[in-house]
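Single-structure report; data block below.
The values are calculated or read from the model by the stated rules, or taken from the named source; none is laboratory data. Values in this document were obtained by computation on a predicted structure and should not be read as measured data. Cβ placement follows ideal geometry from the backbone for every residue including glycine, while neighbour counts extend to all protein chains displayed. Quick note on the areas: whole protein, heavy atoms, side chains included, nothing else; ligands and nucleic acids left out. Shrake-Rupley method; radii C 1.70, N 1.55, O 1.52, S 1.80 Å.
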Amino acid sequence: MIDTKKINQAVANEVINGLSRKNKSLPSWLFYDEEGDKLFQQIMNMPEYYLTDSEYQIFQNYKADILSVFTENSRGFNLIEFGAGDGMKTEVLLKYFTSQKANFTYKPVDISASVLDQLANRMKQSVPDLSIEPINKEYFSALEALNSDRKNPMIVLFMGANIGNFALSEAKDFVRKIAGSLRSQDQLMIGFDLKKNPNMILDAYNDAAGITTAFNMNLLTRLNRELEANFELDKFMHYPYYDPQTGTAKSFIVSKEEQTVSFNTLNESFDFKAWEPIHVEFSQKFDEEMIAELARQAGLSVEKYFYDNKKYFADVVLKK
Ligand code: AVI
């Protein structure tokens, strides 16, 4: 590989591995460059994208019950959040917990220092009394570091249906790994998007205004910019799919014709057949049986389900 220019090696590796496969695929984290972050914010405001409102409603309706569950073992706790994003929903809980004088420290974890800075600034403004200690580490190094020195129980939050962006087998590994760091008084709260009318799910990943299409196609723009690829966007299309039996939603970018795409910085090119898909995202939907199985295989039990009014979404507290 030619490496004379400054390229993002992680992105380059994903492209080389993913586009060389018989069934082409690219990981969904590639969506989130600066433009992708903005488009995702817009998706969350689309009428079809019910997920954000559903989880927001859960926190509004059950913030007091959530605090009771979090404090049943100990008055003090560390609140560790993986993948907090802009913190809009977490803020509901943090404001309430602080107003109730709960004894806790909020520890958002992210590998991006700028994401943490933005989050900390937001919280300083909106929840001035909050005790916050951002952790600029990879998720599991953060848990390891926390475990080496703590008195209070920890509660790990992984909300916003982020668990659905793993393949189911990877989601199981992920929960098992978190469980390995939990002690008997600790808890884990995960946000799950639930199985529902398949058309509603499909629409959430195919909004009429075309924001999800723009979000997915932006991945190609990113590769054109960062790796000097020559994807012609009008020769590809966004194709969402949902299987109501397995609960798996997938997004594909499909090549509309036979073509070759070159990557200047990699000195590589990849051939596409007409209608050949690149799988770019899982958005797994769950039911209670699947959630119980996910917990069981990690040696955890389900302590409490919190649902929105329409049962579109659930935040579920698990414990050892
Ligand atoms: C971040 N994640 C939970 C979103 C989802 O619903 O899977 C990402 C997304 N992709 C397209 N629309 C939203």
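Please state which one of Lys250, Lys304, Lys256 is modelled with pLDDT of 95 or more, of a type in the set (Lys, Arg) and touching a Ser or Thr at 6+ places or on another chain (Cβ under 9 Å).
Working: Lys304 fails: touching a Ser or Thr at 6+ places or on another chain (Cβ under 9 Å); Lys256 fails: touching a Ser or Thr at 6+ places or on another chain (Cβ under 9 Å).
Step by step, each of Lys250, Lys304, Lys256 is checked, and only Lys250 is modelled with pLDDT of 95 or more, of a type in the set (Lys, Arg) and touching a Ser or Thr at 6+ places or on another chain (Cβ under 9 Å).
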Please work out which residue is surrounded by the fewest Cβ atoms within 10 Å (Cβ to Cβ), limiting yourself to region 271-309 and to residues that are touching a helix residue (DSSP H, G or I) at 6+ places or on another chain (Cβ under 7 Å) and not in a strand (DSSP E or B).
Asn309
By residue number, the members of region 63-96 that are open to solvent by 10 Å² or more (accessible area, probe 1.4 Å), within 16 Å of Pro153 (Cβ to Cβ) and either assigned to a loop (DSSP other than H, G, I, E, B) or touching a Lys or Arg at 6+ places or on another chain (Cβ under 9 Å) (or both) are Val69, Thr71, Glu72, Asn73, Ser74, Arg75, Asn78
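Let's see how each residue does on (1) touching a residue at least 60 places away in the same chain (Cβ under 8 Å); (2) more than 18 Å from the chain's Cα centre (by Cα); (3) buried (at least 17 other Cβ atoms within 10 Å of the Cβ):
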position	(1), (2), (3)
Ser28	yes, no, yes
Phe40	yes, no, yes
Tyr49	yes, no, yes
Glu55	yes, no, yes
Asn61	yes, yes, no
Thr98	no, yes, yes
Phe104	no, yes, yes
Pro108	no, no, yes
Gln125	no, yes, no
Among the residues of region 180-192, are any closer than 23 Å to Glu133 by Cα, in a loop (DSSP other than H, G, I, E, B), more than 12 Å from the ligand (Cβ to nearest atom) and open to solvent by 40 Å² or more (accessible area, probe 1.4 Å)?
yes
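Do we have Ala167 as more than 16 Å from the ligand (Cβ to nearest atom) and among the aliphatic types (A, V, I, L, M) here? Quick ask: steps written out before the conclusion?
Details: more than 16 Å from the ligand (Cβ to nearest atom): no; among the aliphatic types (A, V, I, L, M): yes.
Considered against the rule, which asks whether it is more than 16 Å from the ligand (Cβ to nearest atom) and among the aliphatic types (A, V, I, L, M), Ala167 comes out as no.
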Quick one: is Asn230 open to solvent by 40 Å² or more (accessible area, probe 1.4 Å), farther than 15 Å from Ile190 by Cβ and in contact with a strand residue (DSSP E or B) (Cβ under 8 Å, 6 or more places away or on another chain)?
yes
Of (1) open to solvent by 20 Å² or more (accessible area, probe 1.4 Å); (2) farther than 30 Å from Asn13 by Cα; (3) within 16 Å of the ligand (Cβ to nearest atom), Asp207 fails just (1)
Filter region 144-179 for residues that are at pLDDT below 95 and assigned to a helix (DSSP H, G or I); the one that is least open to solvent (accessible area, probe 1.4 Å) is Leu146
Going by the structure shown, is Ser114 within 25 Å of Lys319 (Cβ to Cβ), more than 16 Å from the ligand (Cβ to nearest atom), of a type outside the set (Phe, Trp, Tyr) and exposed (fewer than 15 other Cβ atoms within 10 Å of the Cβ)?
no
Tabulated pairs, region 210-231, first over 17 Å from Lys38 (Cβ atoms) and more than 11 Å from the ligand (Cβ to nearest atom), second among the aromatic types (Phe, Trp, Tyr) and part of a loop (DSSP other than H, G, I, E, B), C-beta under 6 angstrom, 6+ apart or interchain:
Asn224/Phe231
